[in-house]
Amino acid sequence: MSHDTSLINKQRQDLSTFESVWLFGYGSLIYKVDFPYIERKPATISGWSRRFWQGSHDHRGTPESPGRVLTLIETPGETCTGMAYRVSPAVFEHLDHREKNGYLRFFTPMQFQDGSQEDGLVYIASSDNAAFLGEAPLDEIATHIAKSRGPSGDNSEYLLKLSDGLRQLGVKDPHVEGIRYHLEMLQAT
Ligand code: BEZ
């Protein structure tokens, strides 16, 4: 699969007949909300975990020296809490371009805090995409993030803003917090 998935997303899912669409954000969509939305509220999806296993060639790294950003990995029994946004379908023109480095969007069931459910679109970079980096120990991921930067800024800023956003949602994600711990140890030395 090529890196640029924006055209594939557009061809796979025609959203033009929807009045509005729910979007589930688990990563940068939690703290970088550069799109209009109708409403937003925390939501949880089941069977998925956040992992810093995707390479970033266009935001937090470069093609020569990719940064590490999030994708979702199928993990039976686990849940992932993030922020859901109800948006106009036109918003996906912008998001498909912003998240074009290997991410495909899928509908998945989301659970809200009041117990209600909706299907939401979620961007996932699967292990067969050309920018996938895969698993590594948390201290190695932190070292990688500490030295990476790209057109959108330092890779460490992505991690810290995400971690702060999750803490504001009351979410303690052991993968994210473990990498943050190692990153702060590196920054203190
Ligand atoms: C998100 O924040 O949901 C997201 C993460 C990576 C790519 C696209 C969206």
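Structure above, values below:
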| read-out | value |
| --- | --- |
| Cross-chain or 6+ apart pairs with Cβ under 7 Å, segment 21-39 first and more than 20 Å from residue 113 (Cβ to Cβ), then among the small types (Gly, Ala, Ser) and surrounded by 21 or more Cβ atoms within 10 Å (Cβ to Cβ) | none |
| Residue, farthest from the ligand (Cβ to nearest atom), within segment 85-102, restricted to residues that are at pLDDT below 95 and open to solvent by 20 Å² or more (accessible area, probe 1.4 Å) | 90 |
| Selection from segment 105-131 of residues that are more than 10 Å from the ligand (Cβ to nearest atom), closer than 20 Å to residue 8 by Cα and not small (Gly, Ala, Ser) | 106, 107, 108, 128, 129 |
| Condition check for residue 42: open to solvent by 20 Å² or more (accessible area, probe 1.4 Å), touching a strand residue (DSSP E or B) at 6+ places or on another chain (Cβ under 7 Å) and not small (Gly, Ala, Ser) | yes |
| Set 158, 181, 103: member being aromatic (Phe, Trp, Tyr) and more than 14 Å from residue 71 (Cα to Cα) | 181 |
| Residues located in segment 35-58, provided they are under 18 Å from residue 99 (Cα atoms) and in contact with a Lys or Arg (Cβ under 8 Å, 6 or more places away or on another chain) | 37, 52, 53, 54, 55, 56, 58 |
| Whichever residue in segment 8-54 is part of a helix (DSSP H, G or I) and hydrophobic (A, V, I, L, M, F, W, C) and, among such residues, is nearest to residue 104 (Cα to Cα) | 8 |
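Each row is one residue, and each column tells you yes or no for (1) within 12 Å of the ligand (Cβ to nearest atom); (2) in contact (Cβ under 8 Å) with a residue 60 or more places away in the chain.
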| residue | (1), (2) |
| --- | --- |
| 9 | yes, yes |
| 13 | no, yes |
| 43 | yes, yes |
| 47 | no, no |
| 50 | yes, yes |
| 66 | no, yes |
| 71 | yes, yes |
| 83 | yes, yes |
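The values are calculated or read from the model by the stated rules, or taken from the named source; none is laboratory data. Everything quoted here is computed from the prediction, not taken from an experiment. No Cβ is skipped: glycine too gets one built from the backbone with ideal geometry, and neighbour counts run over all protein chains shown. Accessible surface areas use protein heavy atoms only, side chains included; no ligands, DNA or RNA. Shrake-Rupley method; radii C 1.70, N 1.55, O 1.52, S 1.80 Å.
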